[in-house]
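The values are calculated or read from the model by the stated rules, or taken from the named source; none is laboratory data. All of these numbers come straight from a predicted model, not from anything done at the bench. Positions of Cβ are backbone-derived with ideal geometry, glycine not excepted, and every protein chain shown enters the neighbour counts. Accessible surface is based on the protein model in full, side chains and every heavy atom, while ligands, DNA and RNA are left aside. Shrake-Rupley method; radii C 1.70, N 1.55, O 1.52, S 1.80 Å.
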Amino acid sequence: MADTTKLTKSSRRTFLAGAAGAAALPVFSIRASAQQTLNITIAASHPVQNFWVSMMKNVFQPEVDRLLRDGGNQVKINWREAYGGTLYKFQDTMEAVRDNITDIGYVGSLWEGSTMPLQNVSYFTPFATGDHGLIARTFDTLNETVPAIKANWNGLNMVPLSSFITDTYHIWSNFPVRTLDDLRNKKISAPGTSANWLSGTGATPVDGALTTYYTDIQTGVSEGALSFFVGILPTRVYEVAKYVTKCDVGAMYVGGIAANKQRFDRWPAAVQKVMNEAGKITTQKHIEDVSSRIDAAEKEMVSKGSIITTLSDTERKRWISGLPNIAKTWADTSGPASRDVLKAYFAAIRAAGKTPGRDWDREASA
């Protein structure tokens, strides 16, 4: 009887050990193959119809999903979209991402002159280059390699993921512009920093935005606007300003997609990697999208009656040389790293084989 009891107990221990071992394997396998779901809010102050925000919805999100899927699909993103200013307006794009009102958002550095001065270098160096693709790729690099710019993003609790730009600026007006003298005593909508670009032309800058240009010109508040083809087309400003004078003032960096740093740091390494990769892809797709939109916008404006001319090289050089030293003024008020940023920015432009219309970096350091 005692021997039988021992046998029973021994068999039971063997059975339980075997059962435990057998159970351990499927449990481990289930855990290893389980898909983690991350709830991520993505937002913007503008609607998806805006060409910058369109890149977030139609390129960035699908690319993140694709890259995760191709990587084994261990993590799935549950996107919580808040486009069209439902969470915040354009004045608060930086604060919204910084304070985690949204996990990911479009941060408009062009509206952050005081908090993100180094990222606004393009707006203080007009006529540097009209190559919008070069500007976008350059800022992807600057955001990663210039210590002061990296520190600024980190200090604002953000991780930059992509770079957005405008195509080069021109003049839309309700009068023809053949020479620089035609701008004298004219009121031109040029908000913010772009007002500096009219210094020395005799024109009077008028504050405004893409959303106000049509009414401003129609009612006489202004007689034209400094803007870019891709931005002007949906506003129909060409209806009240049929003269388009190409003068290639330059393409501008306007910010990009960024993630809240605290949230980003808590995501799995695979998700962080995918976010960065998707951001780079979005920058490239954005470049291609803007390129195609420029041609389409110009053709549509011509079909609607726009008269497009090009300012002569002589008049353009006259404009450039007549500008005050905008870059030096910016550098003097934007911290000790500003000249390093200027140097890196213009080095990238020259390395790409472009010749800036004016050597702002050298003038600022003279």
Among the candidates Q61, Q119, residue that is assigned to a helix (DSSP H, G or I) and either open to solvent by 10 Å² or more (accessible area, probe 1.4 Å) or closer than 19 Å to V271 by Cα (or both): Q61
Do you know which of the residues in the range 186-200 that are in contact (Cβ under 8 Å) with a residue 40 or more places away in the chain and in a loop (DSSP other than H, G, I, E, B) is least open to solvent (accessible area, probe 1.4 Å)? S199
Note on N174: of the conditions (1) farther than 22 Å from S306 by Cα; (2) of a type outside the set (A, V, I, L, M); (3) modelled with pLDDT of 95 or more, unmet is (1)
For the range 343-359, enumerate the residues that are farther than 16 Å from L134 by Cβ and open to solvent by less than 50 Å² (accessible area, probe 1.4 Å). R358
What are the residues in the range 207-221 that are over 19 Å from I307 (Cβ atoms) and more than 25 Å from the chain's Cα centre (by Cα), if any? T215, D216, T219, G220, V221
For a quick check of your reading of the model, give me the residue pairs whose first member lies in the range 201-214 and is among the β-branched types (V, I, T), whose second is open to solvent by 50 Å² or more (accessible area, probe 1.4 Å), with beta-carbon atoms closer than 8 Å and at least 6 apart or on different chains. T201/R184; T204/N185; T204/K186; T204/K187; V206/K187; V206/V221
Among the residues of the range 91-109, count how many are open to solvent by 10 Å² or more (accessible area, probe 1.4 Å) and of a type in the set (A, V, I, L, M, F, W, C). 1
With (1) open to solvent by 40 Å² or more (accessible area, probe 1.4 Å); (2) touching a helix residue (DSSP H, G or I) at 6+ places or on another chain (Cβ under 6 Å); (3) farther than 21 Å from T310 by Cβ as the list, and T179 as the residue in question, which single condition is left unmet? (3)
Filter the range 288-324 down to the residues that are among the β-branched types (V, I, T) and out of contact with any strand residue (DSSP E or B) (no Cβ under 9 Å at 6 or more places or on another chain), then identify the one that is surrounded by the most Cβ atoms within 10 Å (Cβ to Cβ). I320
Sort out which residues of the range 148-167 are over 23 Å from R339 (Cα atoms), surrounded by 22 or more Cβ atoms within 10 Å (Cβ to Cβ) and polar (S, T, N, Q), and write them in order of number. S162, T166
Only one of G256, G231 is touching a residue at least 24 places away in the same chain (Cβ under 8 Å), touching a Pro at 6+ places or on another chain (Cβ under 7 Å), open to solvent by less than 50 Å² (accessible area, probe 1.4 Å) and not in a loop (DSSP other than H, G, I, E, B); which? G256
Could you tell me whether Y88 is modelled with pLDDT under 95, of a type outside the set (G, A, S), touching a strand residue (DSSP E or B) at 6+ places or on another chain (Cβ under 9 Å) and open to solvent by less than 80 Å² (accessible area, probe 1.4 Å)? yes
